[in-house]
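The values are calculated or read from the model by the stated rules, or taken from the named source; none is laboratory data. Please read these numbers as outputs of a predicted model, since none were measured by experiment. With ideal geometry, Cβ positions are generated from the backbone for all residues, glycine too; neighbour counts draw on all protein chains shown. Each accessible area value is taken on the protein alone, full model and side chains, heavy atoms only, with ligands, DNA and RNA left out. Shrake-Rupley method; radii C 1.70, N 1.55, O 1.52, S 1.80 Å.
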Amino acid sequence: MSAADQPSQRHRAATPATSRRGFVIGGLASVLLAGGAGATVAMLRPLSRHRATPKQPPAALTAAAAVEAVLLRDLDRAIAAAPANGTVLRQLRADHAAHLAGLTAAIRVAVFDGTTPAPSASSTPPLAPLRSTAQLRAAETAAARAAAAGALTLTGDDAALLASISACEASHAELLA
Amino acid sequence: MTSFNDAWQAALAAEQQAVFGYSLLGPRLGTADQATARSSLAAHEALRDVVDAAMTAAGLVPGEPAADYPSLYPVSSASAARALAVRLEEDCAAAWRFAFRLATVTTRRREAQTALTGSAVRATQWRRIAGVTPATTAFPGI
């Protein structure tokens, strides 16, 4: 970092009004590109099968996807057991479903193989007992911490994806407090 | 291409805007919401000061806050104040997520992650207070 990298005073004054738009557009573009890239990769796969070698996806992404699958399953059980309290839980579930979709797209891009399956029940730990609200909160907190730690091992869009997921899960813990 | 320094300055600017914004919206809130507004303001003031000091220590010149933030007006009611609080937090979350995306130094990355999470949690608190459904977003900062 150097002082030479500093934006001008005029640029700084304009930043609050312009930066959010740029961040939002950039962020949405990242998500769309991730999904679109996955589809594109899937279409190109037959043409490049003879030379494209799938890579191992980043461990932080696959670990996070597995955590999301477990959280989804726990929430499904909690919602089924107490439908009257389901409004918040269904919202959390929707967020985790979005997380898993985003992670799955990122993993597909990382391995350059559009057929990489999403983590399934068979690849997740055995079914745990029905969790209380306090236990769900603890699970969200643990997931947030794990995602934050995983984000630090990654760079670029993958890192930002996990950082954002971590922040979301921290807000879930807040809702369940 | 945006450098981390630019993103860091933008995050500081978002924090400065939040400090201004909470001072603006606070008087419009009812008693029940005042404590949340005060703690939110304190969090942004503390973060602003930490970032300002870190930039100075790094040999950078922290950007000055704007004299005014016309885009935050008007705040004519308690509901408008709560909506503005959500917006301030979402702006900060977006700025910190972007800073995290570009940061390479672990200290700066942890700082950005913590700030992103703090704004995401506060945004959720304000959405819940405002009765906004859903109260969370799947990808804070996007």
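Values as computed for the structure displayed
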read-out	value
Answer residue from the stretch B:5-21, given it is more than 13 Å from B:Val51 (Cβ to Cβ) and more than 7 Å from chain A (Cβ to nearest Cβ) and is surrounded by the most Cβ atoms within 10 Å (Cβ to Cβ) among those	B:Gly21
Residue in the stretch B:22-33 that is of a type outside the set (Asp, Glu), under 19 Å from B:Ala123 (Cβ atoms) and touching a His at 6+ places or on another chain (Cβ under 9 Å) present	yes
Filter pass, B:Arg82 being open to solvent by 40 Å² or more (accessible area, probe 1.4 Å), in a helix (DSSP H, G or I), farther than 21 Å from A:Ala149 by Cβ and away from chain A (no Cβ under 11 Å)	yes
Every pair of residues 6+ apart whose Cβ atoms lie under 9 Å, when the first sits in the stretch B:1-22 and is closer than 12 Å to B:Asp91 by Cβ while the second is of a type in the set (Phe, Trp, Tyr) and modelled with pLDDT under 95	B:Ala10/A:Phe23
Residue check for B:Thr56: in contact (Cβ under 8 Å) with a residue 12 or more places away in the chain, among the polar types (S, T, N, Q), closer than 23 Å to B:Asp6 by Cα and open to solvent by 20 Å² or more (accessible area, probe 1.4 Å)	no
Any hit, the stretch B:90-107, residues being at pLDDT 95 or above, part of a helix (DSSP H, G or I), over 14 Å from the mean Cα position of the chain (by Cα) and away from every other protein chain (no Cβ under 12 Å)	no
Members of the stretch B:102-135 that are more than 19 Å from B:Arg48 (Cα to Cα) and crowded, with 24+ Cβ neighbours inside 10 Å	B:Thr124, B:Trp126
Residue check, B:Val75 of a type in the set (A, V, I, L, M, F, W, C) and over 17 Å from the mean Cα position of the chain (by Cα)	yes
Among (1) surrounded by fewer than 24 Cβ atoms within 10 Å (Cβ to Cβ); (2) among the aromatic types (Phe, Trp, Tyr); (3) closer than 20 Å to B:Ala46 by Cα - the single one B:Tyr73 does not satisfy	(3)
Cβ-Cβ under 9 Å pairs, at least 6 apart or on other chains, the stretch A:135-162 side farther than 16 Å from A:His96 by Cβ and acidic (Asp, Glu), far side assigned to a loop (DSSP other than H, G, I, E, B) and open to solvent by less than 50 Å² (accessible area, probe 1.4 Å)	A:Asp158/A:Pro58
Residue match in the stretch B:49-58 (condition: under 14 Å from the mean Cα position of the chain (by Cα) and either at the interface with chain A (Cβ under 9 Å from one of its Cβ atoms) or among the polar types (S, T, N, Q) (or both))	no
Any chance B:Arg127 is facing another protein chain (nearest Cβ under 7 Å), basic (Lys, Arg) and assigned to a helix (DSSP H, G or I)	no
Every residue from the stretch B:37-53 that is touching a helix residue (DSSP H, G or I) at 6+ places or on another chain (Cβ under 8 Å) and open to solvent by 30 Å² or more (accessible area, probe 1.4 Å)	B:Arg38, B:Leu41, B:Ala43, B:Glu45, B:Leu47, B:Arg48, B:Val50, B:Asp52
